[in-house]
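Each remark here refers to the structure printed beneath this line.
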Amino acid sequence: MDILRLRYSEILVPRAVFDELVTNGVDWIEAADVQIALREGEWIKVEWVSAGISIPFPPRLGAGEREAILVARALALPLLADDRLARKIAVTNGVAVEGSLAILAFAKRSGFIPSTKPIVLAMVENGIHFGDDLINRFFQTMNE
């Protein structure tokens, strides 16, 4: 969470993401961090989806990803996402996308972390799926 706060002064999460992380995800470690940040209300806030924007979404895309894309497009903000399908739909609809690896690269280049490798490997170990080629290229770019 500290890395996200270093990169962004404010993060907006749509209601569906709030529900996924907070209402339904009380036992997730990530949910605990988001719950605290939302309670503090300083830099992570719930944003309601604008009714004026329509994007055709495939049924397999989750509600959180759908709403996040709509919020990002409505407010001309980047989408923070690693989900390949969500990223593809966002880019197709003119939304800039930034994922975990880009945020970690920023943190390393800013001197906030000495190495991205342990964090990326821990993410993979905890179920985040990056392709092996992507991870290898990323480590090469980061000189790790």
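Computed from the coordinates by the stated procedures, all read-outs in this text should not be read as laboratory data. Keep in mind it's a predicted model, so treat the numbers as computed, not measured.
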task = Mind listing the long-range amide H neighbours of residue 44? Cut-off is under 5 Å, sequence gap 5 or more, other chains count too, H placed in the peptide plane at 1.01 Å from N.
result = 11
request  = Consider the candidate values [x] 20.1, 65; [y] 18.2, 66; [z] 15.5, 45; state which one is Rg and Dmax of the Cα atoms in Å computed from the structure displayed.
outcome  = [z]
ask   = Could you state the per residue volume, in Å³, of the convex hull enclosing the Cα atoms of segment 30-115?
value = 130
request  = Would you kindly calculate the translational diffusion coefficient of segment 104-144, applying Stokes-Einstein with the Kirkwood radius from alpha carbon pairs, for 20 °C and a viscosity of 1.002 mPa s, and quote it in µm² s⁻¹ without decimals?
outcome  = 205
query = Extension gain residue 33-residue 122, at 0.36 nm per residue separation less the Cα-Cα distance, in nm?
reply = 30.3 nm
ask   = So who's got an amide H within less than 5 Å of the one on residue 79, skipping anything under 5 residues away but keeping other chains? H placed 1.01 Å off N, in plane.
value = 96, 97, 98
